[in-house]
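Engineer: Before I ask anything, here is the structure I am working with.
The values are calculated or read from the model by the stated rules, or taken from the named source; none is laboratory data. Keep in mind that what you see is a predicted model, and the values were worked out from it rather than measured. Cβ placement follows ideal geometry from the backbone for every residue including glycine, while neighbour counts extend to all protein chains displayed.
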């Protein structure tokens, strides 16, 4: 009989939708940081006129560093040319792993499926993310996905960032009905346990808490 193990984030409990900020892509984070740096530079120049010439140089250096970091972090999972981001949904739930043993191999955790709720930018639940993997909106629009590329997550212990190709499975009309690609970014948690899988625990499942942002893309030619 299969048993389940619930594993929370090592860094703390899963945040609720009401108090968890919806993540954004590194590009938006970079733009926000740039704006803050510009504001702070102006404030410093007003307070210390003698150092006015140094502030713009510092701002420019940091801006270039942020832009370069954002480009390096996302180029591996860049969406195909001609596709545009239309919305970002936040997922809060678990990644399910099962203790299995392939013939001639030692027991190891194997990924089974995600189980998560999806939330919009206002923190309102709008759908579910599950096996397939699949993304389903409450209006019935739905798509499955196939991993196209991936890269290691910047955060230790987090599942990889990915570019996913979408395949429509639901009705032709709906919020998710024209999605063609998905980026999974800003991941936290979700990796399989580093212990607990052996011959005595084959078939056991671990539900590991995770959260992530899914950036949804559509083809540029799609009607708005």
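Engineer: Looking at 78, 65 in this structure, which one is over 22 Å from residue 136 (Cβ atoms) and either at pLDDT 95 or above or assigned by TED's automatic domain parsing to the domain that holds residue 111 (or both)?
Structural biologist: Within the list 78, 65, the selection yields 78.
Engineer: Assess whether residue 171 counts as being at pLDDT below 95 and either over 20 Å from residue 121 (Cα atoms) or in the same structural domain as residue 98 (by TED's automatic domain parsing) (or both).
Structural biologist: yes
Engineer: Also: I need the full set of residues from the range 190-219 which are in contact with a strand residue (DSSP E or B) (Cβ under 6 Å, 6 or more places away or on another chain) and closer than 25 Å to residue 101 by Cβ, in order please.
Structural biologist: 190, 192, 193, 197, 201, 202, 204, 205, 206, 207, 208, 210
Engineer: Just to be sure before I move on: is residue 153 in contact with a strand residue (DSSP E or B) (Cβ under 7 Å, 6 or more places away or on another chain), closer than 15 Å to residue 95 by Cβ and assigned to a loop (DSSP other than H, G, I, E, B) in the structure I sent?
Structural biologist: Here the answer is yes, as residue 153 does meet what is asked.
Engineer: Only one of (1) at negative phi; (2) outside any strand (DSSP E or B) is not met by residue 167, so which one is it?
Structural biologist: Of everything listed in (1) at negative phi; (2) outside any strand (DSSP E or B), residue 167 misses just condition (2).
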